[in-house]
Amino acid sequence: MIPTILTKAEYNALPKSLTGKRRTERPGVKSIMLPAEFVGAGLGKESALQAACVAWFRIQHPKLLLFSSLNGVKLQGGGREWKRLEREGALSGVADLFLSCGSGDLNGLYIEMKTKRGRQSAAQISFEQKALAGGFGYAMPRSKDEFIRVVEGYLETGNY
């Protein structure tokens, strides 16, 4: 299992529901290495990666708005529940995260988190094309380091 590296502050920023552990101060600890399976019972590698990236973002850019879509969440009502959500505006293929601030010539940045082996679905590819045509950025980082490069580049220049 590839570990997810979090600083102590990033780990402490994660909701307790993700880590399942009580936070305790550990003097001298500057970073914590968490295996992906530890970052929340039942979360896959992509979810653990996304949680680590969001934790980093919340610490580095507390005044900016980054939020996730709920695509990929298991619905209790199954297809019937999805149909209701579609009527309310849910779209299949929406990116995992949206950075809601313009930069350069772009209106915002959609971020689709993928592991090294992850692939976009047809709905995700269609959403990407519509987002780019609408003046938004779209990135698909495959690691926390790549996520950081994408976000910092986007915020500094609008390029990522």
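Would you confirm whether or not the stretch 132-145 contains a residue that is out of contact with any helix residue (DSSP H, G or I) (no Cβ under 8 Å at 6 or more places or on another chain), among the basic types (K, R) and either exposed (fewer than 14 other Cβ atoms within 10 Å of the Cβ) or in a helix (DSSP H, G or I) (or both)? No; the residues of the stretch 132-145 include none that is out of contact with any helix residue (DSSP H, G or I) (no Cβ under 8 Å at 6 or more places or on another chain), among the basic types (K, R) and either exposed (fewer than 14 other Cβ atoms within 10 Å of the Cβ) or in a helix (DSSP H, G or I) (or both). Could you list, in sequence order, the residues of the stretch 47-61 that are free of Cβ contacts under 8 Å to residues at least 60 places away in the same chain and either in contact with a strand residue (DSSP E or B) (Cβ under 9 Å, 6 or more places away or on another chain) or charged (D, E, K, R) (or both)? Within the stretch 47-61, A48, A51, V54, A55, R58, I59 meet the criteria. Checked against (1) exposed (fewer than 13 other Cβ atoms within 10 Å of the Cβ); (2) assigned to a loop (DSSP other than H, G, I, E, B), T115 passes all but a single condition, namely (1). Being part of a loop (DSSP other than H, G, I, E, B), free of Cβ contacts under 8 Å to residues at least 40 places away in the same chain and surrounded by fewer than 19 Cβ atoms within 10 Å (Cβ to Cβ) is a property that holds for S92. Within the stretch 118-128, if we keep just the residues that are exposed (fewer than 15 other Cβ atoms within 10 Å of the Cβ) and of a type in the set (A, V, I, L, M, F, W, C), the residue that is farthest from the chain's Cα centre (by Cα) turns out to be A122. Of the residues L85, L97, L106, the single one that is crowded, with 18+ Cβ neighbours inside 10 Å and over 22 Å from A51 (Cα atoms) is L106.
Read the figures in this text as sums done on the coordinates, not as results from a lab. All of these numbers come straight from a predicted model, not from anything done at the bench. Ideal geometry is used to build each Cβ from the backbone, glycine not excepted, and the neighbour counts take in all protein chains shown.
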